[in-house]
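Here the structure comes first, spelled out in structure tokens, and everything after it is commentary.
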Amino acid sequence: MSETEPLRVPGSDRTFTLSQIEEPYGPADWFPGDHPPMPGIVASGRKPEVRACATCHYPNGKGRPSNGSVSGLPVAYFIQAVDDFKNGLRKHAETRKANVNLMVAIAKALTPEETRAAAEYYGAIRWTPWIRVVETEMVPVARPAGFIYYPLEGNKTEPIGMRIVEVPENPLQTEPLRNPRSGFIAYAPPGSIEKGKALVTTGGGGRTMACGLCHGADLNGAGNVPGIAGRSPSYLARQMYDMLAGTRNGPGAALMKQAVANLTEEDFVAITAYVASRTP
């Protein structure tokens, strides 16, 4: 498709060109009725330092596995997360992950007023189902592009092994169209959800602590602690790994470091499969 070709997504009466969809200071908004009016920092950012929040996190805050979801987060937690990025307390253990470095730069440029406007906007949008967890022994052969895994053409499959493979429900709708109504499938090894349930709900006999103690009995959050039910398993696993590696600090990190200290990679897979399978 060309940069000037009018494009559409199912259910929207709007058309955008590829260049409009990819515009970092005012990306396409396919479904303006799906969310409240966006504040300027979310809709268009502030040139040249701050890209529109909607560029990566979508106008509805759903985001993608590469970015993380921000809708439904407590306002205080959102603000703290931005401050942690700004103050060097939140980094990614994989330094080559460029979008985390971009978020750090954006956080340093945001004013307190802009941060609060974005926090209150996204905090007012309920988090709703976005990821479908499927247990399977065979998965599509997928490769990363832009920090997201996409199935290769030809419908080839391979054993899943001990991993979660998170791919778009419809690759074209995810990229390049960036359709905020087109979600993701998370493939997990058979039995992962049940194993994860034991770890999440009981602590696995002392291996960790029950997630509901902080994140709420239904994992939908408690006070200023964010909800994690139905969120991206890829994103959740990265956060736990960053806690384990010591690159994510700040308020609340010390307790999370205790929670992940004795977990194995298989535990990460099980926990994130179970949590992502829960209905927000």
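Key figures for this structure:
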{"quantity": "Enumeration of residues in segment 254-267 that are of a type in the set (A, V, I, L, M, F, W, C) and either assigned to a loop (DSSP other than H, G, I, E, B) or buried (at least 17 other Cβ atoms within 10 Å of the Cβ) (or both)", "calculated": "M256, A259, V260, A261, L263"}
{"quantity": "Failed criterion for R207 (all others in (1) in contact (Cβ under 8 Å) with a residue 12 or more places away in the chain; (2) more than 18 Å from L236 (Cβ to Cβ); (3) open to solvent by 30 Å² or more (accessible area, probe 1.4 Å) hold)", "calculated": "(2)"}
{"quantity": "Residue list for segment 188-198, restricted to those being of a type outside the set (A, V, I, L, M, F, W, C) and either surrounded by 16 or more Cβ atoms within 10 Å (Cβ to Cβ) or part of a helix (DSSP H, G or I) (or both)", "calculated": "P189, S192, E194, K195, G196, K197"}
{"quantity": "Lone unmet requirement of (1) assigned to a helix (DSSP H, G or I); (2) at pLDDT 95 or above for A210", "calculated": "(1)"}
{"quantity": "Where a residue in segment 259-280 is farther than 10 Å from K197 by Cβ and its partner, wherever it lies, is buried (at least 22 other Cβ atoms within 10 Å of the Cβ) and polar (S, T, N, Q), with Cβ under 8 Å and at least six apart", "calculated": "V269/S192; T272/S234; A276/S232"}
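This table checks each residue for (1) within 25 Å of T111 (Cα to Cα); (2) open to solvent by 20 Å² or more (accessible area, probe 1.4 Å).
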site	(1), (2)
R14	no, yes
T17	no, yes
E22	yes, yes
D34	no, yes
V50	yes, no
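The values are calculated or read from the model by the stated rules, or taken from the named source; none is laboratory data. Computed from a predicted structure; not experimentally measured. Cβ atoms come from the backbone with ideal geometry, glycine included; neighbour counts cover every protein chain shown. These accessible areas exclude ligands, DNA and RNA; they are computed on the full protein's heavy atoms, side chains included. Shrake-Rupley method; radii C 1.70, N 1.55, O 1.52, S 1.80 Å.
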